[in-house]
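Every number in this text was worked out from the coordinates using simple rules, so none of it is lab data. Note that the structure is predicted; figures quoted are calculated from it, not measured. Please note: Cβ atoms are built from the backbone with ideal geometry, for glycine as well, and neighbour counts cover all protein chains shown.
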Amino acid sequence: MKKVIAANWKNNCSKDFINKYFSFFNANIKINQKSKKEIIFFPPDLYLDLVSQSIKDLSGINYGCQNLNINEDNTTLTGGSTSAMLEDMNCDYVIIGHSETRENEFNKSLKSKILLCKKMNIIFCVGENSLERQNNQTLKKIFSQLDELIESYFDNMSIIIAYEPVWAIGSGETPTLSNISQTHESIKKYIIQKLPSIKENDIIVLYGGSVTEKNASSILKTDFVDGVLVGGASLMAEEFTKICNIEF
Ligand code: PEP
């Protein structure tokens, strides 16, 4: 199965940053038709167009948006980016339910967002916070978040989960490799149990939270890990390119 390596740039970007970033990345990335990997960039919406123009070879390198906006009652929303607009920008992917945006979202809005994504593949984020971790509530929390996705499942939807423990994001801490592996396995088993038509190979589970050039190789080689979602380290072209060039 291919590995997915995704860069979440959050609210960091400029035209100059993109130009410098891709002049390094495009010159050093090792990817071809046979590579068993897919690289996905998630820039801020304002820079989607420039990123799409800057990506050298679209085969195996894609881009998407970090969220989408909806208004439950169908009224207007100043400053919002709708799924139709993001699909018009040819986004291949959308991140839904990142812990940095979840706080302001209700279960109902997450489900509505999922149902709006007919052309973009969803990367659905789940993960426990430090209190839930201390109280051994990790899987309980993750399963309740997975239910949001499962309840909105529609035919042919690709299932891509990012397991991002909230306490690991930007902290320099990560779970042990065996914890990551067990959690990913549990995520896959839970989805299959709830959606028996789905096969294990159809479920992609990425790990996210303090992935760096130093730990990426061992995380990517861990059982049940299908890729990584990288925040801070993806902002450094050299470091992210090294992560993308890891051989499996
Ligand atoms: C993230 O916020 O999605 C993330 C993985 O961040 P970091 O890699 O910086 O922990």
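The simple spin-label model puts a point 7 Å past each Cα toward its Cβ; for LEU50 and ASN215 those points are separated by 3.1 nm.
Neighbour counts of other Cβ atoms within 10 Å put ASP202, ASP45, ASP73 in the fewest-to-most order ASP73, ASP202, ASP45.
If you plug the beta carbon distance of GLU200 and MET236 into 1/(1 + (r/R0)^6) with R0 = 30 Å, you get a FRET efficiency near 0.30.
Given their separation in residues at 0.36 nm each and the Cα-Cα distance between them, LYS15 and ASN136 gain 39.2 nm when the chain is fully extended. For region 1-160, the dipole from Cβ point charges (+1 on Lys and Arg, -1 on Asp and Glu) about the Cα centre works out to 800 debye, to the nearest 20. Toward the positive end of the charge dipole of the chain, about the Cα centre and with charges on Cβ (Lys, Arg +1; Asp, Glu -1), which of ASN62, ASN245, SER109 goes farthest? Looking along the dipole axis, the top candidate is ASN245.
Given R₀ = 41 Å, FRET efficiency for LYS36-ASN71 by Cβ-Cβ distance, to 0.05? Approximately 0.50, to the nearest 0.05. In region 3-244, a dipole from Cβ-located charges (positive for Lys and Arg, negative for Asp and Glu) runs towards its positive end, and of ASN179, ASN32, ILE198 it is ASN32 whose Cα lies farthest in that direction. Remark on the chain: hydrodynamic radius 18.3 angstrom, per the Kirkwood mean of 1/r across alpha carbon pairs. Between LYS3 and LYS37, GLU38, the built amide H atoms are under 5 Å apart, and every one of these is 5 or more places off in sequence or on another chain.
Legend: distances between Cα atoms for LYS36/LYS188; LYS10/LYS34; LYS37/LYS119; LYS10/LYS56; LYS141/LYS242; pairs beyond 27 Å are LYS10/LYS34; LYS141/LYS242. Along the charge dipole of the chain, Cβ charges K/R +1 and D/E -1, which of SER83, SER14, MET157 sits furthest on the positive end? Towards the positive end, the residue furthest out is MET157.
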